[in-house]
Amino acid sequence: MSTTPTWHDKLIGGFKRTSDRLVGNLAGLGGARLDDSTLDDIEEALIASDLGPETAGRIRRRLSEGSFERNMEELGIRVIVAEEVEKVLATVAKPIEIDAFPRPQVILVIGVNGSGKTTTIAKLAHLLMEQDYGVMLAAGDTFRAAAIGQLRTWAERVGVPIVTGPEGGDAAGVVWDAVKKATETGIDVLIVDTAGRLQNKRELMDELAKIRRVLGRINPESPHDIVLVLDATTGQNALQQIEVFKEVAGVTGLVMTKLDGTARGGVLVAAAEKYGLPIHAIGIGEGMTDLRPFDANEVSRIIAGVESVRK
C-alpha cells in the first residue's frame, strides 16, 4: 500500500542530487590532518558544490579552529557543514506574513521568463488559501498572450478569481483594476504577475515603476512584497538575477524553484549568504503542494547528507 510522501520525504528526494554532489566533492577529504592544504581542498569542494565563497570560507574557518593537530572524518566535516549552512539559512527562512491593513496585501511577483514564475504564483495562492486567506490574481504580464492564458488556467485550477487585460495592454491599468476589485470583494491577498523580459532592462524598470506608482496612489505602503522567483537549475546565474532585479525592482524576498531538478541546489545557501533577503518558500516538485516555507535545520542537514545522523 503506497503512502503519500511527507514534506520531509520530498525534501530528501528533491535535494538528493545536490546532496550527492556535495558528498561526492568531499569524498576522500576526511581522515587527513586538517592542515592548510586539506582545508584548501575542502573549501574548493564546497565552492564547487555551489555553496558560494562566503559560506565555504566560513566553514573553512570553523574547521581550522584548533583542528590542526587532529584528524576529522568525512562525516564530522559534513556535520560542521550542516551546522554552518543552518546558521546562514536560519536568518532568511521567513514565510510571507499577511499583515497588511487595510487589505489587500499586494505581492508583486517578478522573475525571468522560464523561471517557474506563473506556476509559483498558483502554488503560492494555494498555500495562502490553505491558511484561509482570500486570494486574487492579476495578470500583469500583458506582454505575452501565453502568460495571460497560463495564469487564467491556473486561477481556474486553484479556484481563485483573476483580473486580466488585453495582450499588449497597460499592465498598470490591470493592476489598478485588480486592486479596486480586491478591495470591493474583501480579498486578503492580491498576487500580481509581471513581465520578465530582462533583455530590455530599461523598459522593464519603467513598467514596474509605473505599477508601483499606481499602487502607491491607492495605498502608500503597496506593494507590500516584491518577490523574485529564481530557477535553481541556473546555478550561479541565479545570483546575477538577484543583482539585476534588486536594481530594477527593489526585491524584498525570494522564492527558489526547481530544486528537485538540479545538483546545484547549493545556490540556495549562496543566495542567502550573499544577499540576506528573506527566502519565503522553496519548490521541489510539480505538485500544487510542492512549494512550501522551509526549516533551516532540516534543509541544511539534508544538503550535507547528515539528515539521519543524531545531533
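Values in this text are rule-based calculations from the coordinates and carry no lab data. Computed from a predicted structure; not experimentally measured. Virtual Cβ from ideal backbone geometry, glycine too; neighbours counted across all protein chains shown.
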query: Under a straight-distance cross-link criterion of Cα-Cα below 18 Å, which lysines are reachable from residue 10, leaving out those fewer than 8 residues away in the same chain?
result: 123, 258
field: Helix 16-26 axis, angle to the chain major axis (alpha carbon atoms, nearest 10°)
entry: 30
task: Please compute the net charge surrounding residue 283, taking Lys and Arg as +1 and Asp and Glu as -1 over other residues with Cβ under 10 Å from its Cβ.
output: -1
field: Three semi-axes of the equivalent ellipsoid, region 198-271, Cα gyration tensor, whole Å, largest first
entry: 27, 14, 9
statement: For region 7-90 the mean separation of alpha carbon contacts under 8 Å (6+ apart) over residue count, i.e. relative contact order in percent, is 34
J(HN,Hα) series, region 217-222, from Karplus relation 6.51 cos²θ - 1.76 cosθ + 1.60, nearest Hz, glycine and proline x: 5, 7, 8, x, 8, 9
statement: Extension length gain for residue 64 and residue 129 (0.36 nm per residue less Cα distance), in nm, is 18.6 nm
- prompt: For the residue pair residue 156 and residue 206, what label-to-label distance in nm results when each label sits 7 Å from Cα along the Cα-to-beta-carbon direction?
  reply: 3.5
field: Where labels lie 7 Å past Cα in the beta-carbon direction, separation of residue 87 and residue 289 in nm
entry: 3.6
message: Under 8 Å for C-alpha pairs, at least 6 residues apart: give me the relative contact order for the chain, rounded to a whole percent.
response: 28
- request: Give, to the nearest whole percent, the P(r) tail of the chain beyond 27 angstrom, counting all Cα pairs.
  value: 45
- prompt: So, in Å, what gap is there between the alpha-carbon centers of region 195-246 and region 1-55?
  reply: 32
